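Working notes, structure below.
The values are calculated or read from the model by the stated rules, or taken from the named source; none is laboratory data. For clarity, every value in this text was computed on a predicted model and none was experimentally measured. Don't worry about glycine lacking a Cβ; one is built from the backbone with ideal geometry, like all the others, and counts go over all protein chains shown.
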């Protein structure tokens, strides 16, 4: 029998719930996200929808996400009503650049992440660095699963390329391995894991194997470039037979960074340490004397490929910050212009307002 604890409810959550205790609502976890329609576990499963006011007032990131804990009103023979999203312990995010620059929340209240990376043409250490950067800032543990070992002859060599990454690495075949204990050992009861990776990496195959049933659709990939189709079209949380939960996500091929340049310290500690030890505070790390980056590249203590990725990430994050500042300045200017126009209209009305003597 499933309980709230099955879905990760604990003493910390219970203490935070005290503010909602008098409302008559009950706690529930979002286990499927279909846009404006949700499936929740309270712990019985129900379909749910937001209140009308919340639907209109909430921003995209305020809306319930897979893994969120919510306060709901249960109704007989009707969808449950979600009244509030409880504070999140963690968020899996990526950058979203549209009319407004903002983060996109993919999942909430996640403890660890499995990044499935295929050992074929789609192998990309830089993409793994991107995933780790986004997850490290939320204190989410990362395990890299190098998948399709049955099709690769250079698995050990590719794993060696990742030795400096801040993550544990496992070589697997999601399709053929009969023993998945090296993965299951990380997902203890009450813990939530998210499975991430590009399309065709084997995420849905792994999900099905862990669950012992074909609950997620799978599809073959194109042999010429190892690219797959999106078979997972929405996010869903599943409880494993041995306890713990997994969230399967649609494939993410391009992961836009979200965060600040200061967050790079989690991912590139050796580079940040060297930068702080440079003789000049604003060292460009090109021609300056006593530059610790140059020394590290020369003596091998700094990997040139990792430094290249660091420079790429820092440039991307600096550009993101500049865009955010530009948008904030434009918004401030529009606010000032709007206030100025309101003042002018008020003064105009006051100037031509008829007096009692008239």
task: Within segment 143-163, identify whether any single residue is modelled with pLDDT under 90, farther than 20 Å from residue 200 by Cβ, surrounded by fewer than 16 Cβ atoms within 10 Å (Cβ to Cβ) and touching a helix residue (DSSP H, G or I) at 6+ places or on another chain (Cβ under 8 Å), and answer yes or no.
output: yes
message: If residue 102 satisfies all but one of (1) surrounded by fewer than 20 Cβ atoms within 10 Å (Cβ to Cβ); (2) under 11 Å from the mean Cα position of the chain (by Cα); (3) in a strand (DSSP E or B), what's the number of the condition it fails?
response: (2)
- request: Answer yes or no: is there a residue in segment 171-179 that is at pLDDT 90 or above, more than 20 Å from residue 244 (Cα to Cα), in contact with a strand residue (DSSP E or B) (Cβ under 7 Å, 6 or more places away or on another chain) and part of a strand (DSSP E or B).
  value: yes
In segment 112-142, the residues that are at pLDDT below 85 and crowded, with 22+ Cβ neighbours inside 10 Å: none
- prompt: Taking residue 255 and the conditions (1) in contact with a helix residue (DSSP H, G or I) (Cβ under 8 Å, 6 or more places away or on another chain); (2) more than 30 Å from residue 210 (Cα to Cα); (3) surrounded by 11 or more Cβ atoms within 10 Å (Cβ to Cβ), which numbered condition does it fall short on, given that it satisfies the others?
  reply: (2)
task: Counting only residues that are outside the structural domain of residue 102 (by TED's automatic domain parsing) and over 29 Å from residue 255 (Cα atoms), give me the helices (runs of 4 or more DSSP H) lying completely in segment 269-358 with at least 3 of them.
output: 292-299, 304-352
message: For segment 205-224, give me each residue that is in a loop (DSSP other than H, G, I, E, B) and either outside the structural domain of residue 187 (by TED's automatic domain parsing) or modelled with pLDDT of 60 or more (or both).
response: 212, 213, 214, 215, 216
